[in-house]
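The values are calculated or read from the model by the stated rules, or taken from the named source; none is laboratory data. All figures in this text were calculated on a predicted structure; none of them were measured in a lab. Every residue, glycine as well, gets a Cβ built from its backbone with ideal geometry; the counts of neighbours run over all protein chains shown. What goes into the accessible areas is simple: the full protein's heavy atoms, side chains included, and nothing from ligands, DNA or RNA. Shrake-Rupley method; radii C 1.70, N 1.55, O 1.52, S 1.80 Å.
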Amino acid sequence: MNTFDSERAPHAETVFTYGSPALKFGAGAADEIGYDLAQLGVTRVLVVTDAGVAATGNPQRVAEAMGRFGIDAQTYDGVHVEPTDVSLREAIEHARENGPFDAYVAVGGGSSIDTAKAINLLTTNPGELMDYINAPVGKARAPVNPLKPLVAVPTTTGTGSESTTICVLDVLALKVKTGISHPRLRPTLAVVDPALTLTQPAGVTASSGMDILCHALESYTARPYTSYDRKAPEQRVPYCGANPVSDMWSERALGLMARSFVPAVRGQAADELAVRTDMALAATFAGLGFGNAGVHIPHANAYPIAGRVKDFHPDGYPVHEPMVPHGMSVALTAPEAFRFTFEAQPERHVRAAQLLAPDLDRPTDDAEYLPAALQKVMRDVGMPNGVGGVGYHEGDIPDLVDGTMKQQRLLATAPRPVTEDDIAGIYRRSINLW
Ligand SMILES: NC(=O)c1ccc[n+]([C@@H]2O[C@H](COP(=O)([O-])OP(=O)(O)OC[C@H]3O[C@@H](n4cnc5c(N)ncnc54)[C@H](O)[C@@H]3O)[C@@H](O)[C@H]2O)c1
Ligand SMILES: [Zn+2]
(Lines give C-alpha, C1' and ligand atoms only; values in the text may rest on other atoms or scores of the structure.)
(Ligands and ions follow the chains in the order given, each with its own letter.)
Protein backbone atom coordinates (compact mmCIF):
# COMPACT_ATOMS: atom_id res chain seq x y z
CA MET A 1 0.00 0.00 0.00
CA ASN A 2 1.36 3.46 -0.78
CA THR A 3 0.15 7.05 -0.71
CA PHE A 4 -1.43 6.90 -4.13
CA ASP A 5 -2.90 3.37 -3.90
CA SER A 6 -4.75 4.37 -0.76
CA GLU A 7 -6.35 7.23 -2.69
CA ARG A 8 -7.11 5.08 -5.73
CA ALA A 9 -9.43 6.95 -8.04
CA PRO A 10 -12.72 5.33 -9.07
CA HIS A 11 -11.48 5.35 -12.69
CA ALA A 12 -7.99 4.10 -11.90
CA GLU A 13 -5.61 3.15 -14.69
CA THR A 14 -5.47 -0.53 -15.50
CA VAL A 15 -3.12 -0.40 -18.50
CA PHE A 16 0.64 0.10 -18.75
CA THR A 17 2.83 0.20 -21.83
CA TYR A 18 6.37 -0.86 -22.68
CA GLY A 19 8.46 0.30 -25.60
CA SER A 20 12.06 -0.51 -26.53
CA PRO A 21 14.42 -0.46 -29.49
CA ALA A 22 15.85 -3.60 -31.03
CA LEU A 23 19.03 -4.45 -29.11
CA LYS A 24 22.39 -5.94 -30.04
CA PHE A 25 24.63 -6.37 -26.99
CA GLY A 26 28.20 -7.53 -26.44
CA ALA A 27 31.88 -6.97 -27.24
CA GLY A 28 32.24 -6.68 -31.02
CA ALA A 29 28.59 -5.74 -31.64
CA ALA A 30 29.60 -2.34 -33.07
CA ASP A 31 31.40 -4.05 -35.98
CA GLU A 32 28.07 -5.38 -37.28
CA ILE A 33 26.22 -2.09 -37.80
CA GLY A 34 27.01 -1.99 -41.52
CA TYR A 35 25.37 -5.38 -41.98
CA ASP A 36 22.29 -4.32 -40.01
CA LEU A 37 21.88 -1.06 -41.94
CA ALA A 38 22.50 -2.71 -45.30
CA GLN A 39 19.51 -5.00 -44.57
CA LEU A 40 17.42 -1.81 -44.47
CA GLY A 41 18.76 -0.67 -47.83
CA VAL A 42 20.78 2.18 -46.30
CA THR A 43 23.66 3.57 -48.36
CA ARG A 44 24.54 6.99 -46.89
CA VAL A 45 25.02 7.52 -43.14
CA LEU A 46 26.01 10.36 -40.82
CA VAL A 47 27.99 9.22 -37.77
CA VAL A 48 27.40 11.66 -34.91
CA THR A 49 29.96 12.00 -32.10
CA ASP A 50 31.93 14.50 -29.94
CA ALA A 51 35.61 15.39 -30.07
CA GLY A 52 36.49 13.42 -26.92
CA VAL A 53 34.96 10.20 -28.22
CA ALA A 54 36.41 10.86 -31.70
CA ALA A 55 39.87 10.95 -30.07
CA THR A 56 39.46 7.28 -29.08
CA GLY A 57 39.24 6.39 -32.79
CA ASN A 58 36.08 4.33 -32.25
CA PRO A 59 33.63 6.40 -34.32
CA GLN A 60 36.01 6.28 -37.27
CA ARG A 61 36.39 2.50 -36.87
CA VAL A 62 32.61 2.10 -36.82
CA ALA A 63 32.34 4.29 -39.95
CA GLU A 64 35.04 2.27 -41.75
CA ALA A 65 33.40 -1.03 -40.81
CA MET A 66 30.20 0.21 -42.50
CA GLY A 67 32.17 0.81 -45.70
CA ARG A 68 32.63 -2.97 -46.06
CA PHE A 69 28.87 -3.19 -46.56
CA GLY A 70 28.82 -0.55 -49.30
CA ILE A 71 27.74 2.26 -46.98
CA ASP A 72 29.21 5.74 -47.38
CA ALA A 73 29.61 7.03 -43.81
CA GLN A 74 30.55 10.61 -43.00
CA THR A 75 31.48 11.65 -39.46
CA TYR A 76 30.32 14.77 -37.59
CA ASP A 77 32.34 15.27 -34.39
CA GLY A 78 30.90 18.65 -33.38
CA VAL A 79 28.57 17.42 -30.59
CA HIS A 80 28.63 19.63 -27.49
CA VAL A 81 29.12 17.69 -24.25
CA GLU A 82 25.64 18.16 -22.75
CA PRO A 83 23.92 19.66 -25.80
CA THR A 84 22.52 23.18 -25.93
CA ASP A 85 19.96 24.71 -28.28
CA VAL A 86 22.89 26.41 -30.04
CA SER A 87 24.89 23.21 -30.46
CA LEU A 88 21.85 21.28 -31.68
CA ARG A 89 21.06 23.95 -34.29
CA GLU A 90 24.66 23.75 -35.55
CA ALA A 91 24.47 19.98 -35.79
CA ILE A 92 21.11 20.09 -37.61
CA GLU A 93 22.51 22.72 -39.99
CA HIS A 94 25.50 20.49 -40.73
CA ALA A 95 23.23 17.55 -41.53
CA ARG A 96 20.93 19.66 -43.71
CA GLU A 97 23.89 21.06 -45.69
CA ASN A 98 25.65 17.72 -46.13
CA GLY A 99 22.60 15.47 -46.49
CA PRO A 100 20.44 13.81 -47.40
CA PHE A 101 21.37 10.81 -45.26
CA ASP A 102 19.24 7.73 -45.11
CA ALA A 103 20.25 6.76 -41.56
CA TYR A 104 22.11 8.16 -38.53
CA VAL A 105 24.54 6.39 -36.22
CA ALA A 106 25.35 8.01 -32.86
CA VAL A 107 28.63 6.86 -31.30
CA GLY A 108 29.13 8.45 -27.89
CA GLY A 109 27.43 9.15 -24.60
CA GLY A 110 24.00 10.66 -24.06
CA SER A 111 25.25 13.92 -25.58
CA SER A 112 25.95 12.32 -28.96
CA ILE A 113 22.84 10.13 -28.94
CA ASP A 114 20.56 13.03 -28.01
CA THR A 115 22.15 15.22 -30.70
CA ALA A 116 21.52 12.51 -33.29
CA LYS A 117 17.87 12.32 -32.18
CA ALA A 118 17.47 16.07 -32.78
CA ILE A 119 19.22 15.87 -36.16
CA ASN A 120 16.98 12.99 -37.20
CA LEU A 121 13.84 14.85 -36.13
CA LEU A 122 14.71 18.15 -37.84
CA THR A 123 15.97 16.64 -41.11
CA THR A 124 12.79 14.61 -41.59
CA ASN A 125 10.19 17.05 -40.27
CA PRO A 126 9.30 20.68 -40.95
CA GLY A 127 9.94 23.60 -38.60
CA GLU A 128 12.68 24.45 -36.12
CA LEU A 129 13.99 23.13 -32.82
CA MET A 130 11.75 25.31 -30.64
CA ASP A 131 8.63 23.89 -32.31
CA TYR A 132 9.33 20.48 -30.79
CA ILE A 133 10.76 21.35 -27.35
CA ASN A 134 8.49 20.57 -24.38
CA ALA A 135 6.05 23.30 -23.39
CA PRO A 136 6.16 25.88 -21.86
CA VAL A 137 9.70 26.49 -23.19
CA GLY A 138 8.80 25.31 -26.70
CA LYS A 139 5.66 24.45 -28.64
CA ALA A 140 5.72 20.66 -27.97
CA ARG A 141 4.69 19.86 -31.55
CA ALA A 142 4.59 16.20 -32.54
CA PRO A 143 6.48 15.08 -35.66
CA VAL A 144 4.22 14.61 -38.66
CA ASN A 145 6.61 12.47 -40.71
CA PRO A 146 8.39 9.24 -39.84
CA LEU A 147 12.06 9.58 -38.88
CA LYS A 148 15.05 7.78 -40.49
CA PRO A 149 16.63 4.73 -38.84
CA LEU A 150 18.83 5.75 -35.90
CA VAL A 151 21.41 3.35 -34.49
CA ALA A 152 22.60 4.38 -31.01
CA VAL A 153 25.99 3.13 -29.86
CA PRO A 154 26.65 4.27 -26.27
CA THR A 155 30.29 4.72 -25.22
CA THR A 156 29.48 5.72 -21.64
CA THR A 157 27.80 3.45 -19.13
CA GLY A 158 25.06 5.79 -18.07
CA THR A 159 22.14 7.55 -19.66
CA GLY A 160 20.28 4.72 -21.37
CA SER A 161 19.48 7.29 -24.08
CA GLU A 162 19.84 4.48 -26.63
CA SER A 163 16.51 3.13 -25.31
CA THR A 164 14.55 6.30 -24.56
CA THR A 165 12.23 8.65 -26.39
CA ILE A 166 13.85 11.88 -25.16
CA CYS A 167 16.51 14.37 -26.14
CA VAL A 168 17.78 16.60 -23.31
CA LEU A 169 19.14 20.09 -24.00
CA ASP A 170 20.11 23.31 -22.28
CA VAL A 171 18.31 26.41 -23.59
CA LEU A 172 21.12 28.89 -23.04
CA ALA A 173 19.21 32.18 -23.08
CA LEU A 174 16.73 30.90 -20.50
CA LYS A 175 19.31 29.02 -18.39
CA VAL A 176 16.96 26.07 -18.37
CA LYS A 177 17.44 22.40 -19.20
CA THR A 178 14.49 20.80 -20.92
CA GLY A 179 13.81 18.22 -23.58
CA ILE A 180 12.03 16.94 -26.62
CA SER A 181 9.94 13.87 -25.94
CA HIS A 182 8.16 11.73 -28.48
CA PRO A 183 8.03 7.96 -29.18
CA ARG A 184 9.44 8.54 -32.69
CA LEU A 185 12.72 9.76 -31.19
CA ARG A 186 13.47 6.30 -29.83
CA PRO A 187 16.44 4.76 -31.68
CA THR A 188 15.62 1.94 -34.08
CA LEU A 189 18.50 -0.20 -32.88
CA ALA A 190 20.65 0.04 -29.73
CA VAL A 191 24.12 -1.43 -30.22
CA VAL A 192 25.69 -1.74 -26.79
CA ASP A 193 29.31 -2.80 -27.12
CA PRO A 194 31.10 -2.77 -23.74
CA ALA A 195 34.50 -2.75 -25.47
CA LEU A 196 33.80 0.85 -26.55
CA THR A 197 33.31 1.95 -22.93
CA LEU A 198 36.76 0.88 -21.67
CA THR A 199 38.32 4.28 -22.42
CA GLN A 200 35.84 6.29 -20.31
CA PRO A 201 37.77 8.51 -17.88
CA ALA A 202 37.20 7.58 -14.20
CA GLY A 203 35.25 10.80 -13.59
CA VAL A 204 32.89 10.01 -16.48
CA THR A 205 32.43 6.41 -15.28
CA ALA A 206 31.56 7.77 -11.81
CA SER A 207 29.07 10.43 -12.93
CA SER A 208 27.40 8.39 -15.62
CA GLY A 209 27.21 5.46 -13.19
CA MET A 210 25.36 7.64 -10.67
CA ASP A 211 22.92 8.34 -13.52
CA ILE A 212 22.31 4.58 -13.89
CA LEU A 213 21.71 4.23 -10.16
CA CYS A 214 19.24 7.11 -10.07
CA HIS A 215 17.38 5.90 -13.16
CA ALA A 216 16.89 2.53 -11.46
CA LEU A 217 16.02 3.97 -8.04
CA GLU A 218 13.68 6.67 -9.31
CA SER A 219 11.74 4.41 -11.64
CA TYR A 220 11.52 1.74 -8.92
CA THR A 221 10.06 4.27 -6.46
CA ALA A 222 7.97 6.18 -9.05
CA ARG A 223 4.22 6.56 -8.69
CA PRO A 224 2.67 3.24 -9.69
CA TYR A 225 0.81 3.27 -13.01
CA THR A 226 -2.38 2.24 -11.19
CA SER A 227 -2.38 5.52 -9.24
CA TYR A 228 -3.20 7.59 -12.33
CA ASP A 229 -6.63 8.19 -13.83
CA ARG A 230 -7.52 5.97 -16.76
CA LYS A 231 -6.18 7.48 -20.02
CA ALA A 232 -7.68 7.40 -23.48
CA PRO A 233 -5.36 5.83 -26.06
CA GLU A 234 -4.38 9.19 -27.53
CA GLN A 235 -3.41 10.46 -24.05
CA ARG A 236 -0.84 7.75 -23.33
CA VAL A 237 2.71 8.96 -22.72
CA PRO A 238 5.97 6.96 -22.78
CA TYR A 239 6.39 7.39 -18.99
CA CYS A 240 3.50 5.53 -17.40
CA GLY A 241 4.71 5.09 -13.79
CA ALA A 242 6.23 2.11 -11.99
CA ASN A 243 4.95 -1.18 -13.36
CA PRO A 244 5.93 -4.86 -13.17
CA VAL A 245 8.11 -4.74 -16.31
CA SER A 246 10.07 -1.62 -15.37
CA ASP A 247 10.48 -2.94 -11.79
CA MET A 248 12.22 -6.01 -13.09
CA TRP A 249 14.76 -3.99 -15.10
CA SER A 250 15.42 -1.65 -12.18
CA GLU A 251 16.04 -4.44 -9.69
CA ARG A 252 18.47 -6.21 -12.00
CA ALA A 253 20.32 -2.95 -12.71
CA LEU A 254 20.83 -2.35 -8.96
CA GLY A 255 22.28 -5.82 -8.44
CA LEU A 256 24.82 -5.34 -11.26
CA MET A 257 25.79 -1.91 -9.94
CA ALA A 258 26.38 -3.32 -6.43
CA ARG A 259 28.91 -5.73 -7.92
CA SER A 260 30.72 -3.62 -10.50
CA PHE A 261 30.33 0.15 -10.08
CA VAL A 262 33.19 0.81 -7.65
CA PRO A 263 35.66 -1.56 -9.42
CA ALA A 264 34.80 0.09 -12.77
CA VAL A 265 35.58 3.57 -11.43
CA ARG A 266 38.78 2.47 -9.69
CA GLY A 267 40.01 0.62 -12.79
CA GLN A 268 41.57 -2.15 -10.70
CA ALA A 269 39.44 -5.09 -11.76
CA ALA A 270 41.24 -8.28 -12.84
CA ASP A 271 38.86 -8.53 -15.79
CA GLU A 272 38.15 -4.97 -16.89
CA LEU A 273 35.88 -6.02 -19.76
CA ALA A 274 33.71 -8.12 -17.42
CA VAL A 275 33.20 -5.16 -15.09
CA ARG A 276 32.41 -2.83 -18.00
CA THR A 277 30.01 -5.43 -19.40
CA ASP A 278 28.13 -5.41 -16.09
CA MET A 279 27.99 -1.61 -16.18
CA ALA A 280 26.78 -1.57 -19.79
CA LEU A 281 24.08 -4.13 -18.97
CA ALA A 282 23.04 -2.10 -15.92
CA ALA A 283 22.81 1.09 -18.01
CA THR A 284 20.72 -0.72 -20.62
CA PHE A 285 18.46 -2.34 -18.01
CA ALA A 286 17.93 0.95 -16.16
CA GLY A 287 17.25 2.73 -19.46
CA LEU A 288 14.61 0.17 -20.40
CA GLY A 289 13.07 0.62 -16.94
CA PHE A 290 13.02 4.38 -16.56
CA GLY A 291 12.36 4.90 -20.25
CA ASN A 292 8.91 3.44 -19.59
CA ALA A 293 8.24 4.23 -15.91
CA GLY A 294 9.79 7.72 -15.59
CA VAL A 295 12.07 9.50 -13.10
CA HIS A 296 11.23 12.05 -10.42
CA ILE A 297 12.74 14.38 -7.78
CA PRO A 298 16.52 13.82 -8.22
CA HIS A 299 16.19 14.36 -11.99
CA ALA A 300 13.94 17.40 -11.53
CA ASN A 301 16.57 18.92 -9.21
CA ALA A 302 19.38 18.02 -11.60
CA TYR A 303 18.14 20.40 -14.26
CA PRO A 304 18.69 23.64 -12.27
CA ILE A 305 21.82 22.25 -10.56
CA ALA A 306 23.40 21.73 -14.00
CA GLY A 307 21.74 24.69 -15.72
CA ARG A 308 22.89 27.32 -13.17
CA VAL A 309 26.45 26.05 -12.74
CA LYS A 310 28.88 28.71 -11.53
CA ASP A 311 32.50 27.63 -11.66
CA PHE A 312 32.78 23.88 -11.24
CA HIS A 313 35.17 21.89 -13.44
CA PRO A 314 34.87 18.12 -12.95
CA ASP A 315 37.71 15.69 -13.67
CA GLY A 316 37.41 13.76 -16.92
CA TYR A 317 35.22 16.31 -18.77
CA PRO A 318 36.19 19.07 -21.24
CA VAL A 319 37.93 21.87 -19.35
CA HIS A 320 36.97 24.95 -21.39
CA GLU A 321 33.67 25.66 -19.62
CA PRO A 322 32.19 25.00 -16.17
CA MET A 323 29.70 22.15 -15.85
CA VAL A 324 28.04 19.81 -13.39
CA PRO A 325 27.75 16.57 -15.39
CA HIS A 326 24.26 15.11 -15.66
CA GLY A 327 24.84 12.05 -13.44
CA MET A 328 26.56 14.12 -10.75
CA SER A 329 23.80 16.73 -10.78
CA VAL A 330 21.21 13.96 -10.32
CA ALA A 331 23.12 12.27 -7.49
CA LEU A 332 23.71 15.32 -5.30
CA THR A 333 20.17 15.55 -3.90
CA ALA A 334 19.24 11.87 -4.32
CA PRO A 335 19.91 10.73 -0.71
CA GLU A 336 17.65 13.48 0.65
CA ALA A 337 15.03 12.96 -2.05
CA PHE A 338 14.73 9.29 -1.08
CA ARG A 339 14.57 10.19 2.60
CA PHE A 340 11.57 12.36 1.62
CA THR A 341 9.84 9.72 -0.57
CA PHE A 342 10.44 6.88 1.93
CA GLU A 343 7.06 7.15 3.66
CA ALA A 344 5.18 6.68 0.35
CA GLN A 345 6.57 3.17 -0.20
CA PRO A 346 8.83 2.04 2.67
CA GLU A 347 9.23 -1.55 1.50
CA ARG A 348 10.52 -0.49 -1.96
CA HIS A 349 13.09 1.86 -0.43
CA VAL A 350 14.32 -0.92 1.87
CA ARG A 351 14.51 -3.44 -0.98
CA ALA A 352 16.44 -0.98 -3.16
CA ALA A 353 18.97 -0.36 -0.36
CA GLN A 354 19.46 -4.11 0.12
CA LEU A 355 20.10 -4.59 -3.60
CA LEU A 356 22.45 -1.63 -3.86
CA ALA A 357 24.50 -2.20 -0.69
CA PRO A 358 24.12 -5.83 0.38
CA ASP A 359 26.99 -5.52 2.87
CA LEU A 360 25.69 -2.45 4.66
CA ASP A 361 24.19 -2.98 8.14
CA ARG A 362 20.48 -2.16 8.20
CA PRO A 363 20.03 1.00 10.31
CA THR A 364 17.44 0.99 13.13
CA ASP A 365 15.44 3.60 11.22
CA ASP A 366 14.51 2.15 7.81
CA ALA A 367 14.13 5.67 6.36
CA GLU A 368 17.92 6.03 6.70
CA TYR A 369 18.72 2.83 4.81
CA LEU A 370 18.61 3.98 1.17
CA PRO A 371 20.20 7.42 1.88
CA ALA A 372 23.03 5.64 3.74
CA ALA A 373 23.52 3.11 0.92
CA LEU A 374 23.64 5.88 -1.68
CA GLN A 375 26.03 8.04 0.32
CA LYS A 376 28.38 5.12 0.75
CA VAL A 377 28.48 4.59 -3.03
CA MET A 378 28.87 8.33 -3.66
CA ARG A 379 31.88 8.51 -1.35
CA ASP A 380 33.41 5.37 -2.84
CA VAL A 381 33.26 6.79 -6.39
CA GLY A 382 34.37 10.32 -5.44
CA MET A 383 31.17 12.37 -5.83
CA PRO A 384 31.27 15.88 -4.32
CA ASN A 385 29.77 16.27 -0.85
CA GLY A 386 26.34 17.64 -1.78
CA VAL A 387 25.33 20.73 -3.76
CA GLY A 388 27.78 22.73 -1.62
CA GLY A 389 30.54 20.65 -3.20
CA VAL A 390 29.76 22.11 -6.65
CA GLY A 391 29.50 25.70 -5.41
CA TYR A 392 25.92 26.31 -4.24
CA HIS A 393 25.10 28.07 -0.96
CA GLU A 394 22.01 28.57 1.20
CA GLY A 395 21.32 31.82 -0.74
CA ASP A 396 21.01 29.92 -4.04
CA ILE A 397 18.15 27.73 -2.80
CA PRO A 398 15.20 29.91 -3.93
CA ASP A 399 16.66 29.99 -7.44
CA LEU A 400 17.23 26.23 -7.49
CA VAL A 401 13.72 25.56 -6.13
CA ASP A 402 12.29 27.78 -8.85
CA GLY A 403 14.12 25.71 -11.49
CA THR A 404 12.92 22.42 -9.99
CA MET A 405 9.28 23.51 -9.82
CA LYS A 406 9.38 24.13 -13.60
CA GLN A 407 9.92 20.36 -14.07
CA GLN A 408 6.32 19.45 -13.27
CA ARG A 409 6.35 16.59 -15.77
CA LEU A 410 8.97 14.86 -13.61
CA LEU A 411 7.61 15.91 -10.22
CA ALA A 412 4.26 14.39 -11.20
CA THR A 413 6.00 10.98 -11.19
CA ALA A 414 7.12 11.30 -7.53
CA PRO A 415 5.42 8.78 -5.22
CA ARG A 416 3.99 11.56 -3.03
CA PRO A 417 2.91 15.13 -3.79
CA VAL A 418 5.82 17.61 -3.71
CA THR A 419 5.59 21.28 -2.63
CA GLU A 420 8.08 24.12 -2.99
CA ASP A 421 8.84 23.85 0.73
CA ASP A 422 9.56 20.14 0.38
CA ILE A 423 12.07 20.84 -2.41
CA ALA A 424 13.66 23.70 -0.45
CA GLY A 425 14.13 21.32 2.49
CA ILE A 426 15.72 18.69 0.25
CA TYR A 427 18.19 21.29 -1.11
CA ARG A 428 18.95 22.65 2.37
CA ARG A 429 19.79 19.20 3.70
CA SER A 430 21.82 18.46 0.55
CA ILE A 431 24.28 21.36 0.90
CA ASN A 432 26.53 19.00 2.84
CA LEU A 433 25.58 15.34 2.80
CA TRP A 434 28.27 14.02 5.12
N1 LIG B 1 17.96 11.00 -23.57
C2 LIG B 1 18.00 10.43 -22.40
O3 LIG B 1 17.24 9.51 -22.14
C4 LIG B 1 18.97 10.91 -21.39
C5 LIG B 1 19.00 10.34 -20.11
C6 LIG B 1 19.92 10.80 -19.19
C7 LIG B 1 20.82 11.80 -19.57
N8 LIG B 1 20.77 12.36 -20.80
C9 LIG B 1 21.70 13.42 -21.24
O10 LIG B 1 22.91 12.80 -21.68
C11 LIG B 1 24.01 13.70 -21.47
C12 LIG B 1 25.10 13.03 -20.67
O13 LIG B 1 25.56 11.90 -21.36
P14 LIG B 1 26.70 10.93 -20.77
O15 LIG B 1 26.69 10.96 -19.29
O16 LIG B 1 26.52 9.63 -21.45
O17 LIG B 1 28.08 11.58 -21.22
P18 LIG B 1 28.48 12.55 -22.44
O19 LIG B 1 27.96 12.07 -23.73
O20 LIG B 1 28.11 13.94 -22.04
O21 LIG B 1 30.06 12.39 -22.41
C22 LIG B 1 30.80 12.80 -21.27
C23 LIG B 1 32.28 12.91 -21.58
O24 LIG B 1 32.85 11.64 -21.72
C25 LIG B 1 33.56 11.54 -22.93
N26 LIG B 1 33.43 10.13 -23.35
C27 LIG B 1 32.29 9.46 -23.59
N28 LIG B 1 32.56 8.17 -23.86
C29 LIG B 1 33.90 8.04 -23.83
C30 LIG B 1 34.78 6.94 -24.04
N31 LIG B 1 34.34 5.71 -24.26
N32 LIG B 1 36.12 7.16 -23.96
C33 LIG B 1 36.58 8.41 -23.68
N34 LIG B 1 35.80 9.48 -23.44
C35 LIG B 1 34.47 9.29 -23.52
C36 LIG B 1 32.94 12.56 -23.86
O37 LIG B 1 33.84 12.98 -24.84
C38 LIG B 1 32.58 13.67 -22.88
O39 LIG B 1 33.69 14.50 -22.65
C40 LIG B 1 23.41 14.91 -20.77
O41 LIG B 1 23.14 15.92 -21.69
C42 LIG B 1 22.14 14.36 -20.17
O43 LIG B 1 21.18 15.36 -19.91
C44 LIG B 1 19.87 11.91 -21.72
ZN1 LIG C 1 19.53 10.68 -16.10
Open item on the list: I need the calculated FRET efficiency for the pair ALA38 and ASP229, taking r as the beta carbon distance and R₀ as 45 Å, to the nearest 0.05.
Closed with: 0.45
- [ ] Pick out, from THR155, THR197, PRO183, the residue whose Cα sits farthest towards the positive end of the charge dipole of region 154-287, with +1 on the Cβ of Lys and Arg and -1 on the Cβ of Asp and Glu.
- [x] PRO183
TODO: Mind giving me the nanometre distance, one decimal, between the label points for ALA22 and GLU343, set 7 Å out from Cα along Cα→Cβ?
DONE: 5.0
TODO: Equivalent ellipsoid semi-axes for region 58-206, as square roots of 5 times the alpha carbon gyration tensor eigenvalues: give them largest first, rounded to whole Å.
DONE: 24, 19, 13
Open item on the list: Using the basic label-point model (7 angstrom from Cα toward the beta carbon), what is the ASP365 to ASP402 distance in nanometres?
Closed with: 3.3
Open item on the list: Just to be sure I understand the model, the point goes 7 Å from the Cα along the line to the Cβ. What's the resulting THR419 to HIS313 distance in nm?
Closed with: 4.3
Task: Mean-position separation - Cα centroids, region 119-172 and region 229-296, in angstrom - done: 21
Task: Volume in Å³ per residue [convex hull over Cα atoms, computed for region 329-401] - done: 98
Task: the chain: Lys pairs at Cα distance under 30 angstrom, eight or more positions apart or on different chains - done: 26
Task: the chain, relative contact order [Cα under 8 Å, separation at least 6], % - done: 16
Open item on the list: Please list, in order, the residues from region 379-406 whose amide nitrogen is less than 16 Å from a point placed 7 Å along the Cα→Cβ vector of ARG428.
Closed with: 387-388, 393-402
- [ ] For LYS231, LYS148, give the ranking by accessible area with the largest first, probe 1.4 Å.
- [x] LYS148, LYS231
Open item on the list: Among the complete DSSP H segments of the chain, which ones combine at least 30 Å of alpha-carbon extent along their axis with a mean Kyte-Doolittle hydropathy of 0.5 or more?
Closed with: 272-293
Open item on the list: For Cα pairs less than 8 Å apart in space and 6+ apart in sequence, what is the mean separation divided by the residue count of region 369-434, i.e. the relative contact order in percent?
Closed with: 52
Open item on the list: To the nearest 20 Debye, how big is the dipole of region 295-434 about its Cα centre, given +1 on the beta carbon of each Lys and Arg and -1 on that of each Asp and Glu?
Closed with: 280
Open item on the list: Students often get this wrong: which residues of region 340-369 have the backbone nitrogen under 20 Å from the point 7 angstrom along Cα-to-C-beta of GLN268?
Closed with: 357-360
TODO: State whether region 109-191 is rounded, prolate or oblate according to the following rule on the C-alpha gyration tensor (a ≥ b ≥ c being the square roots of its eigenvalues): a/c under 1.5 gives rounded; otherwise a/b larger than b/c gives prolate, and the remaining case gives oblate.
DONE: oblate
Open item on the list: Taking 8 Å as the Cα distance limit and 6 or more residues as the minimum spacing, I'd like the relative contact order of region 333-411 as a percentage.
Closed with: 29
- [ ] May I ask you to give the percent of accessible area on region 321-428 that is carbon plus sulfur, with a probe radius of 1.4 Å?
- [x] 47
TODO: Give the accessible surface of the chain per residue, rounded to a whole number of Å², with probe radius 1.4 Å and ligands, DNA and RNA excluded.
DONE: 38
Open item on the list: Could you give the length gained by full extension between ALA142 and GLN60, i.e. 0.36 nm per residue of separation minus their alpha carbon distance, to one decimal place?
Closed with: 26.2 nm
- [ ] Name the residues whose placed amide hydrogens come within less than 5 Å of the amide hydrogen of THR75, ignoring near sequence neighbours (fewer than 5 apart) on the same chain.
- [x] VAL47
Task: Residue among PHE16, LEU355, ALA222 farthest towards the positive dipole end of the chain, charges placed on Cβ - done: PHE16
- [ ] Go ahead and run the numbers for FRET between ALA12 and HIS320, Cβ-Cβ distance against an R0 of 35 Å, rounding to 0.05.
- [x] 0.10
- [ ] Please report the orientation-averaged projected area of the chain, defined via the convex hull of its C-alpha atoms, in nm².
- [x] 19.4
